[in-house]
């Protein structure tokens, strides 16, 4: 552990200070934090090589602390050792503390704890290069016209991806005029898109950039659309592309709520995205304009294998049967059934449908889509 940086999270001053002194004897740097605010402040300045977190924290839930760390893109791959206050290590349910790498009893001699630290750090050194290559899942959801339900689908997919352990997810609202992704999640903007773009151009630190995005309770990060008139005109496509590239490097999955547009930023996303999800309600007009969008894909040689046609039922009215949609667009489809009043309620109240009504057919269809997208990404990760 020579020259490594370690973070101890514990409210037991006596134990944490003694452990700190013992680790420092081995030429490692150590800092102690007692709450989430101090943890996040410290991470901005110094991302640790390893974290030791007590299972009992006065006035706090250690499980939630670990979950917070695993959803923070700057340290979600940092190994965590759980310091167990009572009980037999073998009886610990590791699943309760999703994301811990190892556990060690506080009753052990400090030398045993230090040996465990060394073992975990050695394992980390062998895997870090592979993990650096894995942050490359760019998923764009778009449509050929407004009113296709793509933003509602994007927010639910974003939340769905956060449910996989230790996966970090960012949602970008590229509807630069009147974007509503943040509203659909009942979130308030902390920093404007213009301010975040300027920060990226100034090469802001990863932890600081993450703090500028809106944090949803599920761990989803949201980059909202401009909220002030005229702000979008001050942001050019090249700057937006730099922001997206930075997010792709920082998060495991970046979900783009796209727009019906042939602007350079959207054309670049057609090419760069791992998957393109095209939402299309089963109506004559929607299918007609979606056909035009597919022709545009062909004209610029977009890989047809990454295009997913989503037949999104936004009402009980069905203008065309699924077979008719598939026949006209020559594409197999994923069907999202009509969610009824419950779906409309969630949209209007800023709630996430798949978590509020998980047993509804619409929620199950969205989760199946999320699982398919995640499995596809895992397949490509294994190829690396």
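The values are calculated or read from the model by the stated rules, or taken from the named source; none is laboratory data. What you see is a predicted model, and the numbers here were worked out from it, not measured in a lab. Cβ atoms come from the backbone with ideal geometry, glycine included; neighbour counts cover every protein chain shown.
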- Can you name the number of the only condition in (1) in contact with a strand residue (DSSP E or B) (Cβ under 7 Å, 6 or more places away or on another chain); (2) part of a helix (DSSP H, G or I) that residue 327 fails? (1)
- Task: Test residue 334 against the criterion of being in contact with a strand residue (DSSP E or B) (Cβ under 9 Å, 6 or more places away or on another chain) and part of a strand (DSSP E or B), and give yes or no.
- Result: yes
- Of the numbered conditions (1) outside any helix (DSSP H, G or I); (2) more than 30 Å from residue 80 (Cα to Cα), residue 233 satisfies every one except a single condition; which is it? (1)
- Message: Any residue that is buried (at least 18 other Cβ atoms within 10 Å of the Cβ) and out of contact with any helix residue (DSSP H, G or I) (no Cβ under 6 Å at 6 or more places or on another chain) - is there at least one of those in the stretch 234-242?
- Response: no
- Item | Single unsatisfied condition, residue 359 versus (1) assigned to a loop (DSSP other than H, G, I, E, B); (2) surrounded by fewer than 18 Cβ atoms within 10 Å (Cβ to Cβ); (3) modelled with pLDDT under 95 | (3)
- Item | Among the residues listed as 279, 290, the single one being within 18 Å of residue 173 (Cα to Cα), at pLDDT 95 or above, assigned by TED's automatic domain parsing to the domain that holds residue 178 and in contact with a strand residue (DSSP E or B) (Cβ under 8 Å, 6 or more places away or on another chain) | 279
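For (1) under 16 Å from residue 45 (Cα atoms); (2) surrounded by 16 or more Cβ atoms within 10 Å (Cβ to Cβ); (3) outside the structural domain of residue 352 (by TED's automatic domain parsing), each residue gets a yes or a no:
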position	(1), (2), (3)
195	no, no, no
204	yes, yes, no
210	yes, yes, no
215	no, yes, no
- Exactly one condition in (1) crowded, with 17+ Cβ neighbours inside 10 Å; (2) at pLDDT 90 or above; (3) in contact with a helix residue (DSSP H, G or I) (Cβ under 8 Å, 6 or more places away or on another chain) is not met by residue 259; state its number. (2)
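Okay, residues lined up against (1) surrounded by 17 or more Cβ atoms within 10 Å (Cβ to Cβ); (2) under 30 Å from the mean Cα position of the chain (by Cα):
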{"position": "6", "(1), (2)": "yes, yes"}
{"position": "22", "(1), (2)": "no, no"}
{"position": "53", "(1), (2)": "yes, yes"}
{"position": "59", "(1), (2)": "no, yes"}
- Message: I need every pair where a residue in the stretch 258-272 that is touching a residue at least 60 places away in the same chain (Cβ under 8 Å) has its Cβ under 6 Å from the Cβ of a residue that is part of a helix (DSSP H, G or I) and loosely packed, with under 15 Cβ neighbours inside 10 Å, sequence separation at least 6 or different chains.
- Response: 265/237
- In the stretch 24-44, how many are more than 22 Å from the chain's Cα centre (by Cα) and more than 15 Å from residue 9 (Cβ to Cβ)? 6
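Suppose we filter 318, 302 for residues that are surrounded by fewer than 18 Cβ atoms within 10 Å (Cβ to Cβ), part of a loop (DSSP other than H, G, I, E, B) and touching a strand residue (DSSP E or B) at 6+ places or on another chain (Cβ under 9 Å); which single one remains? Full working, then the answer.
Working: 318 fails: touching a strand residue (DSSP E or B) at 6+ places or on another chain (Cβ under 9 Å).
Only one candidate qualifies: 302.
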